[in-house]
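The values are calculated or read from the model by the stated rules, or taken from the named source; none is laboratory data. These numbers come from a predicted model, not from an experiment. Cβ placement follows ideal geometry from the backbone for every residue including glycine, while neighbour counts extend to all protein chains displayed. Areas reflect the complete protein model, heavy atoms only, side chains present, ligands, DNA and RNA absent. Shrake-Rupley method; radii C 1.70, N 1.55, O 1.52, S 1.80 Å.
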Amino acid sequence: MEITDPPLPSDCQTLSRRVSLEQIKSLRDAVDTLKCEYICLSRIREPLGLVGGYWDMDSEIINRIAAGSLCSAIRGITSMCLCFENMLAAKRLSPEVSHDAILFVQRARSWMLVNAIVSG
């Protein structure tokens, strides 16, 4: 896999297969943080905010996660998952990064389910 500079700002559907080390690291850090589905919102805000920033996701997604309530953060995480699912469906990621993206979606969805139940 060729490591290059981050792509020019774009929405999540047009991201190329080329990703930077910062993008990969942000995604892996978020995956590691989400290993425990019971981790509190304040502990996941920063890693998820970095993912959104490095993967050129809409700033509204980042704001929902970084500063919003639990309900708003869940909406932001849902949007992040949809972006990664679109990238995976379009086969725009290398196999290694695809693996991390799949883990992110699985762990983020587990976290959202647990926290929606706890808060509801």
Next on the checklist: List the residue pairs whose Cβ atoms are under 9 Å apart, where the first residue sits in region 92-120 and is farther than 12 Å from LEU34 by Cα, the second is of a type in the set (Val, Ile, Thr) and modelled with pLDDT under 90, and the two are 6 or more positions apart or on different chains.
Outcome noted: ARG92/THR14; LEU93/VAL19; SER94/VAL19; VAL97/VAL19
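Can you tell me which residues in region 69-89 are farther than 20 Å from HIS99 by Cβ and open to solvent by less than 20 Å² (accessible area, probe 1.4 Å)? Can you show your working first?
At the first step, the residues of region 69-89 found to be farther than 20 Å from HIS99 by Cβ are 69-76, 78-79.
Correct list: SER72, ALA73, GLY76.
For residues in region 16-56 being closer than 20 Å to CYS71 by Cα, open to solvent by less than 10 Å² (accessible area, probe 1.4 Å) and part of a helix (DSSP H, G or I), which is modelled with the lowest pLDDT?
GLY52
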Next on the checklist: Just to be sure before I move on: is ARG92 modelled with pLDDT of 90 or more, of a type outside the set (Gly, Ala, Ser) and either open to solvent by less than 80 Å² (accessible area, probe 1.4 Å) or part of a helix (DSSP H, G or I) (or both) in the structure I sent?
Outcome noted: no
